[in-house]
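The values are calculated or read from the model by the stated rules, or taken from the named source; none is laboratory data. What you see is a predicted model, and the numbers here were worked out from it, not measured in a lab. So basically every Cβ, Gly included, is an ideal-geometry build from the backbone, and we count neighbours across all protein chains shown. Surface areas here come from the heavy atoms of the whole protein model, side chains and all, with no ligands, DNA or RNA. Shrake-Rupley method; radii C 1.70, N 1.55, O 1.52, S 1.80 Å.
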Amino acid sequence: MNSHDLEKWDKEYVWHPFTQMKTYRESKPLIIERGEGSYLFDIEGNRYLDGYASLWVNVHGHNEPELNNALIEQVEKVAHSTLLGSANVPSILLAKKLAEITPGHLSKVFYSDTGSAAVEISLKVAYQYWKNIDPVKYQHKNKFVSLNEAYHGDTVGAVSVGGMDLFHRIFKPLLFERIPTPSPYTYRMAKHGDQEAVKNYCIDELEKLLQDQAEEIAGLIIEPLVQGAAGIITHPPGFLKAVEQLCKKYNILLICDEVAVGFGRTGTLFACEQEDVVPDIMCIGKGITGGYMPLAATIMNEQIFNSFLGEPDEHKTFYHGHTYTGNQLACALALKNIELIERRDLVKDIQKKSKQLSEKLQSLYELPIVGDIRQRGLMIGIEIVKDRQTKEPFTIQENIVSSIIQNARENGLIIRELGPVITMMPILSMSEKELNTMVETVYRSIQDVSVHNGLIPAAN
């Protein structure tokens, strides 16, 4: 087996997610062989700084000895047994820990394997909750509200509450109806004023919607503080809190999708904490195992859980579950991951590094195609525009953003684009020096592509 064979077999047999395979098969693939700390290494020995945290999941770095040992210790006991009608030790201990560290009275944990599944569960729970309480009184509470440009996963239910036309329009005939509400995308909503004015506009629109349709709405789902896949849209301060207050006022369940923003990513263990928000249901995933194994969870308060309790003939049971629900290996890793986050005071470290990173990022404004820089903790989005005044984006055909991403890779940095936005999602334990290197590489890549395309003159 050599690199030529692997490349050939990859192109012949593997269908990659969110990837146009025609384009992919025309290029040389990046095939990762191993990882160490903040770096990934390909089969040819080239080293890359993991500026995307391997799709936003890595917490302590690759090949972390304590996580490795936790996995080995558990696999020597048992790798998996079903959670349907029986229990296992790691899933019990993890559920207890999650109840202790999540906001408020969230205390009932339903495991799954992916963030999309966690969201799917939240929607089904919210829907059935109202039916379990009073199927006659709440017979019309069947719909969900979500923000414009929302992304909550790629299963059918999660797509139904999504608002990204590019990803979701093809599946529209398969989806149930959602109720959209404006997202506070301050950079693209300047006509409404500053971020406070944008926040007020969006909240006013949401309240009008709820006044008219609250009786039909089972829940509102939101990514707290940051809409990740939409291009790192950072919400104005107070927006999330105002949404929570409206949900309480109009008797609607608040579902916080913390899959991308949880486990320290935004500068607190969970993003909700920054505005003292306690959702009725919280979805978590991605960083829960430190980037080692698939695991997610949907956590609910006791009131919701209690509505599912009843005699067998009442049919209040939640009929949902997967083969690997509560898998021992994944739960053991999650426990160790949380232990390391606490022992290493990682959240405080992220807060410190976020401030340093914010200052470093300002240098990117020296480059004329950088329109907006958005950051919350260690989530960064750089919006690339053709003209700062009009905020006109480049077309797909002009290939500017993709060229920047490719240039960065050639210079030893893995990042990705989301439409016109360059996203940087570093490993949470990444050092200040490595974070600086990430920004400096992005600067050079934007500069190189700008010069190559005649957007700025070459340096003398």
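Between the stretch 192-228 and the stretch 288-361, what's the alpha-carbon centroid distance in Å?
Centre-to-centre distance over Cα atoms comes out at 26 Å.
What are the DSSP H helices in the chain that stretch 20 Å or more along their long axis, judged by alpha-carbon atoms, and whose average Kyte-Doolittle hydropathy comes to at least -0.5? Before the final figure, lay out the partial values.
Values: long enough: 115-133 (27 Å, 0.15); 195-213 (27 Å, -0.85); 328-343 (22 Å, 0.61); 346-361 (21 Å, -0.94); 432-452 (30 Å, -0.47).
Result, helices passing both filters: 115-133, 328-343, 432-452.
What nm value, rounded to one decimal, do you get for the distance between S107 and R344 when each label is placed 7 Å out toward the C-beta?
With each label point 7 Å from Cα toward Cβ, the separation is 3.2 nm.
What ranking do 344-352, 365-373, 238-246 get when scored by the average of other Cβ atoms within 10 Å per residue, highest first?
On the way: 344-352: 15.2, 365-373: 17.7, 238-246: 20.0.
Ranking, from highest mean packing down: 238-246, 365-373, 344-352.
Pairs K96/K124; K336/K360; K108/K172; K97/K286; K97/K316: which are spaced more than 29 Å apart, C-alpha to C-alpha?
Details: K96/K124 23 Å; K336/K360 32 Å; K108/K172 33 Å; K97/K286 17 Å; K97/K316 27 Å.
Result: K336/K360; K108/K172 exceed 29 Å.
Restricting to bridges with both residues inside the chain, how much of the DSSP beta-bridge set is antiparallel, in percent to the nearest 5?
Numbers: 34 of 51 bridges.
Here the antiparallel bridges make up roughly 65 percent for the chain.
Return the ratio Rg/(2.2 N^0.38 Å) for the stretch 399-460, where Rg is computed over Cα atoms only. Please list the in-between numbers first.
Values: Rg = 12.2 Å, N = 62, 2.2 N^0.38 = 10.6 Å.
Dividing the Cα Rg of the stretch 399-460 by 2.2 N^0.38 Å gives 1.15.
Using protein chains only and a probe of 1.4 angstrom, how many square angstrom of S431 are accessible, to the nearest 10?
Spelled out: S431, probe radius 1.4 Å, area about 50 Å².
Can you give me the Cα centroid spacing of the stretch 89-137 and the stretch 399-460 in angstrom?
Result: 39 Å between the Cα centres.
Counting only C-alpha contacts under 8 Å and six or more residues apart, can you give the relative contact order of the chain as a whole percent?
Numbers: 827 pairs, mean separation 93.7, N = 460.
Relative contact order comes out at 20 percent.
Report, in cubic angstrom per residue, the convex hull volume of the C-alpha atoms of the stretch 1-106. The partial results should precede the final answer.
Working: hull volume 21.3 nm³, N = 106.
About 201 Å³ per residue, rounded to a whole number.
What value in Å³ per residue do you get for the convex hull of the alpha-carbon atoms in the stretch 159-199?
Working: hull volume 3.3 nm³, N = 41.
Dividing the Cα hull volume of the stretch 159-199 by its residues yields 79 Å³.
Using only alpha carbon pairs under 8 Å that are at least six residues apart, calculate the relative contact order of the stretch 1-138 and give it in whole percent. Don't jump to the answer; show the numbers that get you there.
Values: 68 pairs, mean separation 14.2, N = 138.
For the stretch 1-138, the relative contact order is 10 percent.
May I have the pair-distance distribution P(r) for the stretch 161-248, computed from all Cα-Cα distances with 5 Å bins from 0 and rounded to whole percent?
2, 12, 23, 23, 21, 14, 5, 0
For the chain, what number results from the quotient of the Cα radius of gyration and 2.2 N^0.38 Å?
Working: Rg = 22.5 Å, N = 460, 2.2 N^0.38 = 22.6 Å.
Ratio of Rg to 2.2 N^0.38 Å for the chain: 1.00.
Starting from the Cα of Y365, step 7 Å along the direction of its Cβ; do the same at L174; then give the gap between the two resulting points in nm.
Here the modelled spin labels are 4.4 nm apart.
Taking Rh as the Kirkwood radius computed over C-alpha pairs, what is the Stokes-Einstein D of the stretch 292-379 at 25 °C in a medium of viscosity 0.890 mPa s, expressed in µm² per second? Don't skip to the answer; put the middle values down first.
Numbers: Rh = 17.9 Å.
Answer from the Stokes-Einstein relation: 137 µm²/s.
Can you pull a Stokes-Einstein diffusion coefficient for the stretch 159-318 at 4 °C (1.567 mPa s), Rh from Kirkwood over Cα pairs, as a whole number of µm²/s? Can you show the working numbers first?
Values: Rh = 17.3 Å.
Reported coefficient: 75 µm²/s.
Mind giving me the FRET efficiency for N399 and Q356? R0 is 30 Å, r the Cβ-Cβ distance, nearest 0.05 is fine.
Working: r = 33 Å, r/R0 = 1.08.
So the FRET efficiency works out to roughly 0.40.
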